[in-house]
Amino acid sequence: MTKLMEEMDFFVTHFVRGLRRIEPSPAALATLYDFFTKICSLLAGEPRVFAHRDYHSRNLILHEGRLVMIDFQDARLGPAKYDLASLLRDSYVTVPHELVDKFLAEYFAAVPALGPDPSFERFRFVFDVMSLQRNIKALGTFGYQLSVMGNRRYLSAVPRTQAYVANTMGLHPSYLPYVSLVQDLVCDPVSNRTEPTQ
């Protein structure tokens, strides 16, 4: 729970305040953190496995005919669906919805279910929640790279990642009370103004 919430704090600091130049009202911030606590609490209760934690297209390369993973310095125990969310909600490559559905069904059929509820519905719900946390965490990283480091390399990944968050928020009625705020602070377009903060 602590690590997941630290990533949400990083997002607020470097994406909302740093890149977006928004200072949320105390009420908005309280609601946003209520949402973060809700998703991170659920994920903290999930079975943990060894996770790469940055398992996406840029960190998977073919070397002499073999698939090789790179950039694994943040590997640690994490929710079982963390790497799955990183791969299928990749900030750098759009994976079509029908392909995501196909891969999730194949993964679910091949990997033994973990946790007290072995249903596919629960599996898909947790995947969606993990995707929300992972994509918001990624936006925090992009915010830091853009607003603090002045690194524009990640600017093109921001709209895709925001779109993932917006789409996933609409899938589950329990998150409807947060949709408007998440739209305002997370999903609204980011300007090209990416110079370091003063």
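Brief remarks follow.
- Phe108 sits among other residues whose Cβ lies under 12 Å from its own Cβ, and their net charge, with Lys and Arg +1 and Asp and Glu -1, is +1.
- Computed on segment 2-187, with alpha-carbon pairs under 8 angstrom and 6+ residues apart, the relative contact order is 30 percent.
- Counted by Cβ distance under 12 Å from Ser131, the other residues give a net charge of +2, where Lys and Arg count +1 and Asp and Glu count -1.
- FRET efficiency, 1/(1 + (r/R0)^6) with R0 45 Å, evaluated for Tyr33 and Val68 via beta carbons: 0.70
- Taking 0.36 nm per residue of separation and subtracting the Cα-Cα distance, full extension of the segment from Ala166 to Val100 would add 22.1 nm.
- Ranked for footprinting exposure by Cβ neighbours inside 10 Å, fewest first, Asp9, Asp128 give Asp9, Asp128.
- Anchor Lys137: aspartates and glutamates whose Cα lies under 15 Å away (excluding residues fewer than 8 positions away in-chain): Glu6, Glu7, Asp9, Asp54, Asp74, Asp83, Asp90, Asp128
- Residues His172, His97 arranged by fewest to most Cβ contacts within 10 Å: His97, His172
- Computing FRET efficiency as 1/(1 + (r/R0)^6) for Leu155 and Thr13, where r is the C-beta to C-beta distance and R0 is 25 Å, gives about 0.85.
- A straight chain from Ile22 to Phe108 at 0.36 nm per residue would run longer than the Cα-Cα distance by 27.0 nm.
Bear in mind these aren't lab numbers, they're just calculated from the coordinates by the rules spelled out. These numbers were taken from a predicted model, which means no experiment stands behind them. FYI the Cβ positions are ideal-geometry reconstructions off the backbone, even for glycines, and counts take in every protein chain you see.
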